[in-house]
């Protein structure tokens, strides 16, 4: 099965989740995040903001709690046009982040991952390009456990993540 077929299959499975299931699974995943992220040592994070209609794992509760632990935490996110902005306390974009900014932590959405930490995203290539420019960053992918596959098709530009967190496990690569 190629990447596009896998994407469609996993999106369809994700769409079958109820809002209640998404909320419950997201909370379990976020709880697992606290086991490997020490927010007192993180000063800048790039995270996706969840798209509810896609049943993405909700990062907002994690980011809100992280700001309570570390009020100086800078949080950035990218829009669909790959423009990256710092977010204010209401998670609204304020000013652009310099293109060469180096983050302490990057939280990545994914549809699937394999036993080597490679991910399957939506296919736009944004995160592979973005991560290639980050040198000393902690990378964490958030995924539902049903997205754990033995092996994914790979391309030369694909980069593995250091950690992937599901509702059931914390995978380190």
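The values are calculated or read from the model by the stated rules, or taken from the named source; none is laboratory data. Predicted model only: the values in this text are computed from it and were never measured. When we count neighbours, we look across all protein chains shown, and the Cβ atoms used for this are built from the backbone with ideal geometry, even at glycine.
For residue 124, all conditions in the list (1) modelled with pLDDT of 95 or more; (2) out of contact with any strand residue (DSSP E or B) (no Cβ under 8 Å at 6 or more places or on another chain); (3) under 24 Å from residue 22 (Cβ atoms) hold save one; what is the number of the exception?
So residue 124 meets the others, but not (1).
Here's a check for you: in the range 81-98, which residue that is assigned to a strand (DSSP E or B) and in contact (Cβ under 8 Å) with a residue 12 or more places away in the chain is nearest to residue 124 (Cα to Cα)?
Restricting to residues being assigned to a strand (DSSP E or B) and in contact (Cβ under 8 Å) with a residue 12 or more places away in the chain, the top hit is 84.
Quick check on my filter: what residues within the range 52-65 are over 19 Å from residue 145 (Cα atoms) and in a loop (DSSP other than H, G, I, E, B)?
none
Look through 161, 138 and report the one residue that is buried (at least 20 other Cβ atoms within 10 Å of the Cβ) and touching a strand residue (DSSP E or B) at 6+ places or on another chain (Cβ under 7 Å).
Numbers: 138 fails: buried (at least 20 other Cβ atoms within 10 Å of the Cβ).
161 is the lone residue from the list that is buried (at least 20 other Cβ atoms within 10 Å of the Cβ) and touching a strand residue (DSSP E or B) at 6+ places or on another chain (Cβ under 7 Å).
Can you pull out the residues in the range 38-69 that are without any contact (Cβ under 8 Å) to a residue 12 or more places away in the chain and under 14 Å from residue 106 (Cα atoms)?
38
So that you can scan it fast, the table gives a plain yes or no per residue for (1) surrounded by 12 or more Cβ atoms within 10 Å (Cβ to Cβ); (2) in contact (Cβ under 8 Å) with a residue 60 or more places away in the chain; (3) assigned to a loop (DSSP other than H, G, I, E, B); (4) touching a helix residue (DSSP H, G or I) at 6+ places or on another chain (Cβ under 9 Å):
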position: 5; (1), (2), (3), (4): no, no, no, no
position: 20; (1), (2), (3), (4): no, no, no, no
position: 30; (1), (2), (3), (4): yes, no, no, yes
position: 36; (1), (2), (3), (4): yes, yes, yes, no
position: 71; (1), (2), (3), (4): no, no, yes, no
position: 76; (1), (2), (3), (4): yes, no, no, no
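Would you mind finding the one in 18, 77 that is under 16 Å from the mean Cα position of the chain (by Cα) and modelled with pLDDT of 95 or more?
When all the criteria are applied, what remains is 77.
Out of (1) closer than 26 Å to residue 19 by Cα; (2) modelled with pLDDT of 95 or more, the odd one out for residue 97 is which?
Status for residue 97: all satisfied but (1).
I need the full set of residues from the range 105-128 which are touching a residue at least 24 places away in the same chain (Cβ under 8 Å), part of a loop (DSSP other than H, G, I, E, B) and either under 17 Å from residue 5 (Cβ atoms) or in contact with a helix residue (DSSP H, G or I) (Cβ under 9 Å, 6 or more places away or on another chain) (or both), in order please.
110, 111, 114, 118, 122, 123
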